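**Student:** This is the structure I have questions about; it appears just below.
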Amino acid sequence: MPLNSRLIEETFAYIDNDRERAIGYFYGRLFAANPGVRSMFPPAMDVQRDRLFTALTAIVRNLDNAETLNSFLSHLGRDHRKFGVEPHHYEAVGSALVATLRRFAAPAWSQEAERAWLAAYQLAARMMIEAAEEHSAWAPPWWHADVIGLERPQRHLARLTLRPNQGYSYLPGQYLMLQAARWPRVWRPYSIANAPQSDNLLHLLVRAVPGGWVSGALVHHTRLGDSVLLGPPLGSMVLDAASDRPLVCVAGGTGIAPLKAIIEQVASLPRRRPVTLFYGAAHSGDLTEKPTLDRLQSANPWLRVVSVLESTAATDSSPGAAALSGDVRCGRVPDAIAAFGPFHEHDAYVCGPPAMMRSAITQLRAAGVRRSRIFHDLLPDEDGGYLRSAEADEGAGTGSAHGRLDRSPL
Ligand SMILES: NC(=O)C1=CN([C@@H]2O[C@H](COP(=O)(O)OP(=O)(O)OC[C@H]3O[C@@H](n4cnc5c(N)ncnc54)[C@H](O)[C@@H]3O)[C@@H](O)[C@H]2O)C=CC1
């Protein structure tokens, strides 16, 4: 039976308009009816609330896109194994969700709306449960990993090398959820900064964000030998194996991490795919991965690295632009794109702060990249929704979704 996506979207809009109260009510219902479930969640629920809403928005927006929905929910189901989620928990969540909708979407609620939501929820739960069961046949719910390398190229930034306790198979460009010992049950996403290696080591680039629990713990309180927990690899901002197009990559700050992994993968391909990388930062000291990229560029003539600095003046802790090797431009990283290109034939990969990504997508389109060939993780739009890679394509086929839809556990 087809899902009644129109009715679902209409009723969801009521929650969207009152999301804080609605999500508070949802968790209140869930925990009141199932007190045991509370211990599966972190002590502070603020980020969790946002994740629930992100996930619900993604589901509602993709009800008519079976492929994206299935991919998103499968990732979500696999990732939920690390919380200890069992099939019966889905029933509890479904009851709390429908009770919340009944209350907040009361003006538009009807038996038909209730049936539509139940059908959609049952489908979503089934996809998540099946994906989790299939995953459990060959992968653990989480991995222990030891911190075996720790560098602090800057006061608030750390480069971590992790050794998982068993094989960790992922694709360059993917990210994982990580829990530091200091904050039990608090998981945060980090992109993996290297392509898979034979030694099974993972590199992460972490900036301590103000008030960030896990990033602060990783940058300021981690020692060699500490242990962290890792969820399964997530995300679909990966190389399109069917494409042999040249690449244009746009990275802002620590957003270089997944793009560096992708460039390392390109270096290992039998077929050459030229890459132009725009690597932006406020100051030269923030271009922490530049030495590695310079080495890659020296060894691979198909790679062109363009550094873009907001301020090219020297600071106490970093040299000025003149002291940097290679092509250095001044300004914000998306603005540098126009001086290059056109990029009609290119696949584009974008990662960094959301405002930078939105601007880079606009500039890439102006430089001729098709929307369906711009790959990025989930990106909040200015209306509180989320942009996917293939969204608003100019009618050139639907492409596939590459949004970080699967970043958000309920
Ligand atoms: N897979 C993912 O989605 C990942 C996302 N990130 C995100 O990347 C960001 C990196 O932060 P930082 O290292 O502090 O970088 P940052 O905030 O210093 O910015 C780096 C670059 O973005 C440009 N930029 C900043 N605001 C802009 C705007 N409004 N318009 C145009 N360009 C702008 C700057 O000019 C600079 O070139 C974080 O928000 C982090 O969450 C990082 C790693 C992975």
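**Student:** Give me Ile256, Ile8, Ile15 sorted ascending by neighbouring Cβ count inside 10 Å, so fewest comes first.
**Tutor:** With the sparsest Cβ surroundings first, the list reads Ile8, Ile15, Ile256.
**Student:** Where in segment 51-72 does the amide nitrogen come within less than 18 Å of the point 7 Å from the Cα of Glu9, taken along Cα to Cβ?
**Tutor:** Within reach of a label on Glu9: 54-70.
**Student:** For the charge dipole of the chain, defined by +1 on Lys and Arg C-beta atoms and -1 on Asp and Glu C-beta atoms about the Cα centroid, which residue among Pro42, Tyr349, Gln174 has the Cα displaced farthest towards the positive pole?
**Tutor:** Final value for the positive-end residue is Pro42.
**Student:** Same structure, new question: Which helices pass in the chain if a helix is a full DSSP H run, must span at least 27 angstrom along its long axis by Cα, and must have mean Kyte-Doolittle hydropathy not below -1.0?
**Tutor:** 111-136
**Student:** Rounding to the nearest 20 debye, state how big the charge dipole of the chain is about its Cα centre with +1 on each Lys and Arg Cβ and -1 on each Asp and Glu Cβ.
**Tutor:** Taking the Cα centre of the chain as origin, the dipole is about 660 debye.
**Student:** Out of all DSSP beta bridges with both ends in the chain, state the antiparallel percent to the nearest 5.
**Tutor:** 55 percent
**Student:** Quick one: Cα centre-to-centre distance for segment 318-380 and segment 86-134, in angstrom?
**Tutor:** Cα centroid to Cα centroid, the span is 40 Å.
**Student:** Tell me what the chain gives for mean residue ellipticity at 222 nm when only DSSP H runs of n ≥ 4 count, each as -39,500 (n - 2.57), the sum divided by the residue total, rounded to 500 deg cm²/dmol.
**Tutor:** -11500 deg cm²/dmol
**Student:** Ok, one more. Given R₀ = 45 Å, FRET efficiency for Ser95-Ala181 by Cβ-Cβ distance, to 0.05?
**Tutor:** Using R0 = 45 Å, I get an efficiency of 0.85.
**Student:** Continuing with the same structure: Using the charge dipole of the chain (Lys, Arg: +1 at Cβ; Asp, Glu: -1 at Cβ; taken about the Cα centre), state which of Leu52, Gln122, Gly326 has its Cα farthest towards the positive end.
**Tutor:** About the Cα centre, the residue reaching furthest to the positive side is Gly326.
**Student:** Here's a follow-up. Between the alpha-carbon centers of segment 137-156 and segment 12-32, tell me the distance in whole angstrom.
**Tutor:** Centre-to-centre (Cα) distance: 34 Å.
**Student:** Just to be sure I understand: of the beta bridges DSSP finds with both ends in segment 151-296, what percent are antiparallel, rounded to 5?
**Tutor:** 75 percent
Readers should treat all values here as calculations from the given coordinates under stated rules, not as data from a laboratory. Every value quoted in this text rests on a predicted model; they were computed, and no experiment measured them. Neighbour counts are summed over all protein chains in view; Cβ atoms, including those assigned to glycine, are modelled from backbone coordinates with ideal geometry.
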